[in-house]
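The structure appears below as structure tokens.
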Amino acid sequence: MRSLVLQVLAMRQLGRLNPRHLLAAGYGPRRTEWGPRTIHTRQLFGCSSLPVLGGHRPAVKSWSLHHLRFKSKTKAPSHTAQEQKDEVEDKNDPEDSDYEDVDPNLPKDYKDMEKYVPSFRYDVVLKAGLDLARNKIEDAFYRNKLRLNGQKLIKKSKTVKVGDTLDLVMSENNETNTVILMRVILRRVLGESNDGDKYKLSIRRWKGLELAKDEAFKP
């Protein structure tokens, strides 16, 4: 009995079990009663019912191996090559990028601002850029302390344009041949106000710029 059980287990593991083995183990259409060996053999296969085999082959459960697909650790690129190219072009576009420095050799202790002015007069732009009262601008003009692109200002109502440098001389040092200025540079015209009465300007300002006289003043 033990040898029969071992034989059935071995054939089951090897997948070679067929109806002939079942008939040899006690199955068959001629038998009307099930002996202990037959019942024990069916219990090995987990059969809960005893169907008549006849010429039918018993259903044997089979298992198949499937390839396991593991998740790749490689991260997919967040942007396509075209999107990366567009980003590089946008960064290199001067219209969309930050304003370029007018003079990269100047000190970096400046402040960039956006101001609304009613006109492009020198005194109006300088007043807005330095946040000074108008009478102080006039006083500096009459004391010859105002410069436009390094030259003395002749008319305080002179119209300025993008790229112009507006200076107010604070003090001069003859020993070191240096000068301390308050400087405003008109960088860009950004547009007009909603009512069209004022212009929106981009301005860069220094309030204590020390330069050599030869660099600050021009004949």
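Below, the figures for the structure above:
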{"read-out": "Net charge, residue 135 excluded, C-beta distance under 15 Å - Lys, Arg +1, Asp, Glu -1", "value": "+2"}
{"read-out": "For region 158-171, Karplus couplings with θ = phi - 60° (6.51, -1.76, 1.60), whole Hz, Gly/Pro x", "value": "4, 7, 9, 9, 4, x, 6, 10, 10, 10, 10, 6, 8, 7"}
{"read-out": "Carbon and sulfur %, accessible surface of region 95-219 computed with the full protein complex present, 1.4 Å", "value": "44 percent"}
{"read-out": "Per-residue ³J(HN,Hα) for region 188-195, Karplus 6.51 cos²θ - 1.76 cosθ + 1.60, θ = phi - 60°, Hz, x for Gly and Pro", "value": "6, 9, 8, x, 10, 6, 4, 7"}
{"read-out": "Pairwise label distance in nanometres, residue 188 with residue 114, each label 7 Å out on the Cα-Cβ vector", "value": "1.0 nm"}
{"read-out": "For residue 210, distant residues with modelled amide H under 5 Å away", "value": "181"}
{"read-out": "Region 169-219: C-alpha gyration tensor shape, a/c 1.5 cut-off, then a/b vs b/c", "value": "prolate"}
{"read-out": "Accessible area of residue 215 in the full protein assembly, 1.4 Å probe (Å², nearest 10)", "value": "100 Å²"}
{"read-out": "At R0 = 22 Å, FRET efficiency that the Cβ-Cβ distance of residue 170 and residue 134 yields, to 0.05", "value": "0.75"}
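The values are calculated or read from the model by the stated rules, or taken from the named source; none is laboratory data. Since the model is a prediction, treat every value here as computed from it, not as a measurement. Backbone-built Cβ (ideal geometry, glycine too); neighbour counts: all protein chains shown. The protein model used for the area step is the full one, side chains on, heavy atoms only, and it has no ligands, DNA or RNA in it. Shrake-Rupley method; radii C 1.70, N 1.55, O 1.52, S 1.80 Å.
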